[in-house]
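To start, the structure under review is shown below, and the notes come after it.
FYI, it's all coordinate maths here, none of it is from the lab. Note that the coordinates shown come from a computational prediction; the quantities given were computed from them, not determined experimentally. Cβ placement follows ideal geometry from the backbone for every residue including glycine, while neighbour counts extend to all protein chains displayed.
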Amino acid sequence: AASIIAKVVRDRMMTEYDAQYPGYGFEKHKGYPTKQHMEALHSLGPSPIHRASYAPVSKALAARRIPGTTGTAPGATGTIN
């Protein structure tokens, strides 16, 4: 029962995140690495809720780094949630 409750809570959170971070499709894929999610990650870059330690997110962050600096390009994030 606890796993069902956790899934329902997570799904509700993803619906809220979809409103906060439009374009990623969180309401539809609930954060799972679907084709749509991966395409949004690459085109929009990571959002503040993406885990920087997850390989596809880490790659997207690296792609947005400004060569010769330690910073990231505008709009890129690096927070770990």
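Using the Cβ of R10 as centre and a radius below 15 Å, the other residues enclosed give a net charge of +1, where K and R count +1 and D and E count -1. Amide H contacts of R65 (H built 1.01 Å from N, in plane; Pro and chain starts excluded): A73 sit under 5 Å, all sequence-distant by 5 or more or on other chains. Label-to-label distance for A1 and T15 is 2.2 nm, based on points extended 7 Å past Cα in the beta-carbon direction. Contact order, relative form, for region 8-48: 33 percent (alpha carbon pairs under 8 Å, 6 or more residues apart, mean separation divided by residue count). Fully extending the segment from Q36 to A52, taken as 0.36 nm per residue of separation minus the present Cα-Cα distance, adds 3.9 nm.
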